[in-house]
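Each remark here refers to the structure printed beneath this line.
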Amino acid sequence: MTGLKRSHMCGSVTETMIDQTVTVMGWVQRRRDLGQLIFIALRDRTGIVQIVVDGNTAQKTLFEKAQTLRSEFVVAVKGKVAARTEENINENMATGKIEIIAQELKILSESETLPFQIEDSVTVKDDLRLKHRYLDLRRPSQLKNMVLRHNVVRLIHSFLDEEGFLEIETPILGKSTPEGARDYLVPSRVHPGNFYGLPQSPQLYKQLLMVSGMDRYYQIAKCFRDEDLRADRQPEFTQVDMELSFVDENDIIDINERMMQKVFKELLNVDIALPMKRMTYQEAMERFGSDKPDIRFGMELKNISKVVEDTEFGVFKNALQSGGSVRAINAKGCGGFPRKQIDSLVEFVKTYQAKGLAWIVVNEDGTLKSQIAKFFTPEKLQQIVDIMEGKPGDLILICADKDKVVFDSLGALRLELSKRLKLTKADNFAFLWITEFPMLQWDEEENRYVAVHHPFTAPMDEDLQLLENNPKAVRAKAYDIVLNGYELGGGSIRIHRREIQQKMFELLGFSPEEAQERFGFLLDAFQYGVPPHGGLAFGLDRMIMLMSGATSIRDVIAFPKVKDASCPMTDAPNVVEQKQLEELGIAIKKIESEQSV
């Protein structure tokens, strides 16, 4: 590019520069042609500035060139800064009190007709937005998200540096250790038949860094999981990863609380009160049916099993006899829901394996209405309502089944009702720590224990003796940080003694040979002096989504994937040349679809 050199960004031209000559460059947001006056809204990353081309005073070639401009042409403009007349001041623009009188204009590149307008007010289908993501990112809301993301990362770097952390990069190409989500695999050309695994997290490397004496490590780490997508998940994602030596849970929680407080205050001007609330896993499940509860509203679960334990109502009776429970929530003020809407709630919980949903409406006159009334005396129904603190106009919703089904169903139902009733606001941030997770859970499909967090989490000291005879009762030194019903991050104090780590692998069903094959490099390192250590990782993408008020994680990632893990813009993944496959020793086997079988 010759002839003009940018002197200022569009949004940085201010009243203090009146009568100065500036050169700005950017995209034409719009052009208004008023005969002998042409107004051009010129946009770059910093904002919009108004350019004026006066046909009465400008050179003819300049005016004619301005007449050819269309939306998203890229131009350079040199001109003099002038104050707008009083009636033309735009208080809604940062540059609304000035304009640039064009003296020279150069078209740097032209634009075809756009598939959608570069405005937030225009509704665009997601597939079209992502197909042309480079255009979508020009929209102010998307740009704002990218700037927020940059500033969050900047503050995290600064904070952790001041806390004595070292930023250390760990490998992307590593060993596949499939214990959890599926790994993405990368074939090796040099070692035919062998594969690297892309990291689901830097977990093992960061523990080895503690063995190495690095003491405090962090990394803004790219991670990969080959799992089904949803609004707050992506196959590749970014996490803020840290590990510390010679610490306990409280030390790690304290550092992360202060970091969150700093980020939210400096970027959103939101004051986060410290210490944040804490709740054990068991309490969270009993009260909210979830280990990542949204505590911005009530509607808490209550166990009414004892009240109905003598019932002959088959659904309740069978649930209690099989070791389950009967629990309920009170949807305050929802007693006026029409029957069709109540039935939709019944259908909703069925997606969480619940067989149904019993309900009791407290009428405005205090009388009760329920589809299970014939199975209970009026006194027993009233007893249930009293325990649920039911008032006229309330709707009591009851689920009976195995505890997991009841928790999943009512936990999801209270969130669904909060959406329908608009009980929460995106700019109300409620942090919470969940502690004392179970260390293990039984996997019916694999017929073995699996780690609730991961196999390297330490058991609570007082539960160590339970590892031998009651492993399911062992609690872990694990903690999750939750924000507005989302798991923002999780961490734990790690096992640092080789014999306990070997015991954990044994409980998970690994033979000594299998444990050595998968994790031998870690077990070997544990022979040479390991400091007590622990850490935490939280999802940067999910955090930015919540901070920005976005409804999907895709809106805060520059180039996200869609639900089948593909990229509409680049058409990835895609086929590769046969020569590449031959170099890797790979043959593609065609899998017949179900329809063609």
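The values are calculated or read from the model by the stated rules, or taken from the named source; none is laboratory data. Since the structure is predicted, the reported quantities are computational estimates derived from the model, not experimental observations. Please note: Cβ atoms are built from the backbone with ideal geometry, for glycine as well, and neighbour counts cover all protein chains shown. Note: accessible area is taken over every heavy atom of the protein model, side chains too, but ligands, DNA and RNA are not part of it. Shrake-Rupley method; radii C 1.70, N 1.55, O 1.52, S 1.80 Å.
Looking at GLY520, GLY539, GLY549, just one residue is over 22 Å from the mean Cα position of the chain (by Cα) and not basic (Lys, Arg), and that residue is GLY520.
So is GLN20 open to solvent by 70 Å² or more (accessible area, probe 1.4 Å) and either within 28 Å of PRO140 (Cβ to Cβ) or in contact (Cβ under 8 Å) with a residue 60 or more places away in the chain (or both) or not? So GLN20 fits the description; yes. Only residues that are part of a loop (DSSP other than H, G, I, E, B) and touching a strand residue (DSSP E or B) at 6+ places or on another chain (Cβ under 7 Å) were counted across segment 323-355, and they come to 6. Residue-level check: of (1) open to solvent by 50 Å² or more (accessible area, probe 1.4 Å); (2) among the small types (Gly, Ala, Ser); (3) part of a strand (DSSP E or B), GLY213 misses just (3).
Collect the residues in segment 414-433 that are of a type outside the set (S, T, N, Q) and either open to solvent by 50 Å² or more (accessible area, probe 1.4 Å) or in a loop (DSSP other than H, G, I, E, B) (or both), keeping them in residue-number order. Hits for segment 414-433 are LEU415, LYS419, ARG420, LEU421, LYS422, LEU423, LYS425, ALA426, ASP427, PHE429, ALA430. Criterion applied to GLN234, GLN239, GLN200 was being under 18 Å from ASP541 (Cα atoms), under 17 Å from the mean Cα position of the chain (by Cα), free of Cβ contacts under 8 Å to residues at least 40 places away in the same chain and open to solvent by less than 60 Å² (accessible area, probe 1.4 Å), and the one residue passing it is GLN200. LYS561 falls short on exactly one of the conditions (1) without any contact (Cβ under 8 Å) to a residue 60 or more places away in the chain; (2) of a type in the set (D, E, K, R); (3) open to solvent by less than 50 Å² (accessible area, probe 1.4 Å); (4) assigned to a loop (DSSP other than H, G, I, E, B), and that condition is (1). Name the single residue, out of those in segment 299-322 being assigned to a loop (DSSP other than H, G, I, E, B) and open to solvent by 40 Å² or more (accessible area, probe 1.4 Å), that is modelled with the lowest pLDDT. Taking the candidates together, the pick is GLU312. Selection within segment 151-164: residues that are in a helix (DSSP H, G or I) and among the charged types (D, E, K, R). The member of this set that is nearest to LYS222 (Cα to Cα) is ARG154. Which residue, of LEU148, LEU135, LEU114, is part of a loop (DSSP other than H, G, I, E, B) and in contact with a Leu (Cβ under 8 Å, 6 or more places away or on another chain)? Criteria check complete, one pass: LEU114. Filtering segment 1-42 to residues that are in a helix (DSSP H, G or I) and not β-branched (Val, Ile, Thr) leaves CYS10, GLY11, SER12, GLU15, MET17. Has segment 245-265 got any residue that is of a type outside the set (Phe, Trp, Tyr), touching an Asp or Glu at 6+ places or on another chain (Cβ under 6 Å), touching a residue at least 24 places away in the same chain (Cβ under 8 Å) and open to solvent by 50 Å² or more (accessible area, probe 1.4 Å)? Taking every residue of segment 245-265 in turn, none turns out to be of a type outside the set (Phe, Trp, Tyr), touching an Asp or Glu at 6+ places or on another chain (Cβ under 6 Å), touching a residue at least 24 places away in the same chain (Cβ under 8 Å) and open to solvent by 50 Å² or more (accessible area, probe 1.4 Å).
On the basis of being more than 32 Å from the chain's Cα centre (by Cα), under 17 Å from ILE396 (Cβ atoms) and among the aliphatic types (A, V, I, L, M), does VAL308 make the cut? For VAL308, the condition - more than 32 Å from the chain's Cα centre (by Cα), under 17 Å from ILE396 (Cβ atoms) and among the aliphatic types (A, V, I, L, M) - is met.
Which condition breaks for GLU169 when tested against (1) farther than 30 Å from GLN527 by Cα; (2) of a type in the set (Asp, Glu); (3) touching a residue at least 24 places away in the same chain (Cβ under 8 Å)? Of everything listed in (1) farther than 30 Å from GLN527 by Cα; (2) of a type in the set (Asp, Glu); (3) touching a residue at least 24 places away in the same chain (Cβ under 8 Å), GLU169 misses just condition (1).
Scan segment 87-106 for residues that are in a strand (DSSP E or B) and open to solvent by less than 50 Å² (accessible area, probe 1.4 Å) and the total you get is 5.
So for segment 53-67 (the condition being under 26 Å from GLN142 (Cβ atoms), crowded, with 19+ Cβ neighbours inside 10 Å and of a type in the set (A, V, I, L, M, F, W, C)), does at least one residue qualify? Working first, answer last.
Filtering segment 53-67 for residues under 26 Å from GLN142 (Cβ atoms) gives none.
No, segment 53-67 has no match at all.
Considering only segment 399-413, how many residues are under 30 Å from THR457 (Cα atoms), of a type outside the set (Ser, Thr, Tyr) and in a helix (DSSP H, G or I)? Of the residues in that region, 9 qualify.
For segment 260-298, the set of residues classified as of a type outside the set (Val, Ile, Thr), assigned to a helix (DSSP H, G or I) and under 17 Å from VAL482 (Cβ atoms) consists of MET260, GLN261, PHE264, TYR281, GLN282, GLU283, ALA284, MET285, GLU286, ARG287, PHE288, listed by residue number. Taking the criterion of being β-branched (Val, Ile, Thr), open to solvent by less than 20 Å² (accessible area, probe 1.4 Å) and within 30 Å of the chain's Cα centre (by Cα), the only residue of segment 332-374 that qualifies is VAL349.
For segment 384-406, the criterion of being crowded, with 20+ Cβ neighbours inside 10 Å and modelled with pLDDT under 95 is satisfied by no residue at all.
The C-beta contact set for segment 443-472 (first residue open to solvent by less than 100 Å² (accessible area, probe 1.4 Å), second residue among the β-branched types (Val, Ile, Thr) and assigned to a strand (DSSP E or B), distance under 9 angstrom, 6+ apart or interchain) comprises ASP443/VAL450; ALA451/THR457; THR457/ILE493; ALA458/ILE493. Taking each residue of segment 505-534 that is in contact (Cβ under 8 Å) with a residue 12 or more places away in the chain and at positive phi and looking for partners that are open to solvent by 30 Å² or more (accessible area, probe 1.4 Å) and part of a loop (DSSP other than H, G, I, E, B) with beta-carbon atoms closer than 8 Å, six or more apart or interchain, yields GLY509/GLU446. Scanning for something within 32 Å of the chain's Cα centre (by Cα) and free of Cβ contacts under 8 Å to residues at least 40 places away in the same chain, does segment 126-134 turn up at least one residue? Yes.
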